[in-house]
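Before any comments, here is the structure.
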Amino acid sequence: MNNKNLSMIQQFNYIILFFLTSIGLLAQQSTASKQLSTFNIHSAELNCDKKIRAYLPKGYANSTKKFSVLYMHDAQNLFDTKTAYAGEWNVDKKLDSINAQIIVIGIEHGNEKRIDELTPFKNEKYGGGNADNYLQFIVETLKPKIDSTYRTKTKARNTILMGSSLGGLVSYYGALKYPTIFGKAGVFSPSFWFSKEIFDYTEKSKKINTKIYFLCGDNEGESMVADLNKMERLLDKNRCYCLHLNEKRIVKGGQHNEKLWRDGFIKALLWLGY
């Protein structure tokens, strides 16, 4: 088995973890910050209700200022060990530790619909390809709700899209599809292998001005690093590398898991700016 196939298997095994629940995890106490709240919102685009987890920065209630917003996928894994299937990112705790003044909106994945929601193009074996409707939900339903509920900075330069694995794939695609909405993207261990059409989409895109932070580990298989390098070359053809709109970090020994993404979260956010 070559390294490319190994990488695809590792990533798909990770995808499957999202469909599995653990009795031990369900019994754990919540580790979520007091700044975290949840609500449900109906998505006509996806024909379902979506659960949203909203993190407000320290001091929000006693302030009148507006805040940038970070939209993240797979919210079950971001804030709380009790809901995480394979470990959490500790997003709320890490933001609290640096007193980061940013709102985070975590969108829970659709369980058995996760692959469909987070992939822009179909895979012959795994299906998928419903990311356009998922992103339309974020842009046309969720973001207006967030902007009307919280004190937000609404411009693209203050709106970030971030995720890992399939969430990394859809974050990259979303940043290209909606450049006037998302001015920055955190693209962690993106599943570019899912469909080569993402490379074609990049080549055909108009000038891309989005700031993009790539993160992956060199132990995710040969395909991950190779795909990132290929995408970086395509971006450099689209826009001059001298603009420093890309950042790529490859972690020695890094694997396709929450530890990698948790450890890289703050560095990515600080580089992107908010």
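Annotations
- Sparse-neighbourhood loop sites, trypsin sites (Lys or Arg not before Pro) in the range 229-274 - DSSP loop, at most 11 other Cβ within 10 angstrom: K252
- Where T81, T159 fall by accessible area, highest first, once all protein chains stay in place (1.4 Å): T81, T159
- Cα-Cα pairs of the chain separated by more than 27 Å (percent): 34 percent
- Solvent-accessible surface (1.4 angstrom probe) belonging to F265, in square angstrom, nearest 10: 0 Å²
- Probe 1.4 Å - accessible area at K93, Å² to nearest ten: 70 Å²
- Dividing the convex hull volume of the alpha-carbon atoms in the range 76-144 by its residue count gives 108 Å³ per residue.
- The ratio of the alpha-carbon radius of gyration of the range 36-87 to the globular-protein estimate 2.2 N^0.38 Å is 1.37.
- Heavy-atom SASA rank of E124, E232, E112, E258 (probe 1.4 Å, accessible area, largest first): E124, E112, E232, E258
- Accessible area ranking (1.4 Å probe, heavy atoms, ligands and nucleic acids excluded), largest first, for H73, H244: H244, H73.
- Projected over all directions and averaged, the alpha-carbon convex hull of the range 21-171 occupies 9.5 nm².
- Sites E203 and K267 - FRET efficiency at Förster radius 45 Å, r taken between beta-carbons, to 0.05: 0.95
- Stokes-Einstein D in µm²/s, Kirkwood radius over Cα pairs - the range 111-224 at 10 °C with 1.306 mPa s viscosity: 109 µm²/s
- On the chain, 49 percent of the accessible area sits on carbon and sulfur atoms, based on a 1.4 Å probe.
- Once the Cβ-Cβ distance of I98 and N133 is raised to the sixth power relative to R0 = 30 Å, the FRET efficiency obtained is 0.30.
- Residue-wise HN-Hα coupling along the range 183-191, computed from phi with Karplus coefficients 6.51, -1.76, 1.60 (Hz; x: Gly, Pro): x, 8, 9, x, 10, 9, 6, x, 7
- Solvent-accessible area per residue for the chain (1.4 angstrom probe, square angstrom): 44 Å²
- Probe 1.4 Å - accessible area at Y274, Å² to nearest ten: 80 Å²
- Close amide-amide hydrogen proximity is noted between G163 and G186, F188, each under 5 Å apart and 5 or more residues distant or on a separate chain (H modeled in the peptide plane; Pro and chain starts excluded).
The values are calculated or read from the model by the stated rules, or taken from the named source; none is laboratory data. Small disclaimer: the values here were computed from a predicted structure and weren't measured. Neighbour counts are summed over all protein chains in view; Cβ atoms, including those assigned to glycine, are modelled from backbone coordinates with ideal geometry. These area figures cover heavy atoms from the full protein model, side chains too; ligands, DNA and RNA do not enter into them. Shrake-Rupley method; radii C 1.70, N 1.55, O 1.52, S 1.80 Å.
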